[in-house]
Amino acid sequence: MSSSNPYQDDRGNKDRSITNPAGQGTAMPRSKSGAVTSAPGGPFLIGEAMTGGYGKGPDILHDCTIAVDRGEIAVIVGPNGAGKSTAMKAVFGMLDVRSGRVLLDGEDITQLTPQDRVIKGMGFVPQTSNIFTSMTVEENLEMGAFIRKDDFRDTMAQVYDLFPILKEKRYQAAGELSGGQRQQVAVGRALMTKPKVLMLDEPTAGVSPIVMDELFDRIIEVARTGIPILMVEQNARQALEIADKGYVLVQGRNAFTDTGKALMADPEVRRSFLGG
Ligand SMILES: Nc1ncnc2c1ncn2[C@@H]1O[C@H](COP(=O)(O)OP(=O)(O)O)[C@@H](O)[C@H]1O
Ligand SMILES: [Mg+2]
């Protein structure tokens, strides 16, 4: 494992004031060596040894584990149909796991509904249908705050700071926005719950390389506010570059797990999954 601090590179913008400045998301302490101080009792969120599928269908996941530590970005890559989205849904409680468990901050939440997981602090942006297209941008953000009984205007202001274009377009129907802007709405909506952990399924799907870079920068900013991020990415190379931890899934199984850097350097991973 590399000892270099993934936060002391040139990734993104260094402004820590964006999102949740005084909320649950405080940046994690770091040791002198620069390593993120590891949490007592394991990762912040882990879907551990999950086996299961849809309804009465065959198992899609086989003993599959995905996790994210405090203060980190974990990335899941792998071929189409590998079960990446299924693994995310399993962690979010949208799938019955026949064996395995999901722990959030050490608590076993395997039996909780997705709604209860949101209340526990999980934010999830699914791969598809992740916004209300006929509602305005602002209404989408308000919908995101549905579980909150407190005043969420500060959070909305923070989301608008993070994604200024959304403020400009706040009274437009979300369906009129570009692909990259819609993904900002989806991420913004998840942030409205003030999540303790954010799960993103292909946040850069279908956007241009420039917009992808921009979205990755914003995601890094969110991570810097202290919200661990577990995300699935089709753009494996770029995603592993910003990943503290990477998971390569193949046919519902963990094929490779390591730091993003180590996976990028692994000849077999490069050949099979990163195009050489
Ligand atoms: N709602 C569903 N019902 C039944 N099978 C599904 C469903 N969604 C996905 N699958 C199947 O699960 C497998 C993994 O799909 P998915 O998790 O979407 O892969 P990935 O996200 O890695 O592309 C595929 O064989 C797919 O056909
Ligand atoms: Mg998918």
Inset, instruction - Could you please give the count of residues in the range 77-109 that are part of a loop (DSSP other than H, G, I, E, B), surrounded by 18 or more Cβ atoms within 10 Å (Cβ to Cβ) and away from ligand 1 (no atom under 16 Å from the Cβ)? - result: 1
Inset, instruction - Inspect the range 142-149 for any residue being in a helix (DSSP H, G or I), touching a residue at least 24 places away in the same chain (Cβ under 8 Å) and of a type in the set (D, E, K, R) and give the result as yes or no. - result: yes
Inset, instruction - Six or more apart or on different chains, Cβ under 7 Å: which pairs go from a residue in the range 173-187 that's of a type in the set (Val, Ile, Thr) to one that's assigned to a helix (DSSP H, G or I)? Could you list them? - result: VAL185/VAL137; VAL185/ASN140; VAL185/LEU166; VAL185/ALA174
Legend entry - Of the criteria (1) surrounded by 24 or more Cβ atoms within 10 Å (Cβ to Cβ); (2) over 14 Å from GLY78 (Cβ atoms); (3) within 16 Å of ligand 1 (Cβ to nearest atom); (4) among the hydrophobic types (A, V, I, L, M, F, W, C), which one VAL248 fails: (2)
Legend entry - Sole residue being of a type in the set (S, T, N, Q), closer than 28 Å to LEU104 by Cβ and at pLDDT 95 or above, chosen from GLN172, GLN184, GLN234: GLN184
Inset, instruction - Would you be able to say whether some residue in the range 139-149 is aliphatic (A, V, I, L, M), under 30 Å from GLU48 (Cβ atoms) and in contact with a Gly (Cβ under 7 Å, 6 or more places away or on another chain)? - result: no
Inset, instruction - Would you point out which residue out of ASP201, ASP213, ASP217 is touching a residue at least 12 places away in the same chain (Cβ under 8 Å), within 16 Å of ligand 2 (Cβ to nearest atom) and acidic (Asp, Glu)? - result: ASP201
Inset, instruction - Could you tell me whether the range 206-229 includes any residue that is in contact with a strand residue (DSSP E or B) (Cβ under 6 Å, 6 or more places away or on another chain) and within 16 Å of ligand 1 (Cβ to nearest atom)? - result: no
Inset, instruction - Any chance you could count how many residues in the range 69-96 are among the small types (Gly, Ala, Ser), within 13 Å of ligand 2 (Cβ to nearest atom) and closer than 22 Å to VAL222 by Cβ? - result: 2
Legend entry - Subset of the range 116-148 that is among the small types (Gly, Ala, Ser) and modelled with pLDDT of 95 or more - its residue that is surrounded by the fewest Cβ atoms within 10 Å (Cβ to Cβ): SER134
Inset, instruction - Please find, among ALA236, ALA262, the residue that is among the small types (Gly, Ala, Ser) and either within 15 Å of ILE66 (Cα to Cα) or touching a helix residue (DSSP H, G or I) at 6+ places or on another chain (Cβ under 7 Å) (or both). - result: ALA236
Legend entry - Criterion violated by GLN158 - all others in (1) within 27 Å of ASP69 (Cα to Cα); (2) surrounded by fewer than 19 Cβ atoms within 10 Å (Cβ to Cβ) satisfied: (2)
Legend entry - GLY246 being within 30 Å of GLU139 (Cα to Cα) and touching a helix residue (DSSP H, G or I) at 6+ places or on another chain (Cβ under 6 Å): no
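The values are calculated or read from the model by the stated rules, or taken from the named source; none is laboratory data. Given the structure is predicted, the values throughout are model-derived calculations rather than measurements. FYI the Cβ positions are ideal-geometry reconstructions off the backbone, even for glycines, and counts take in every protein chain you see.
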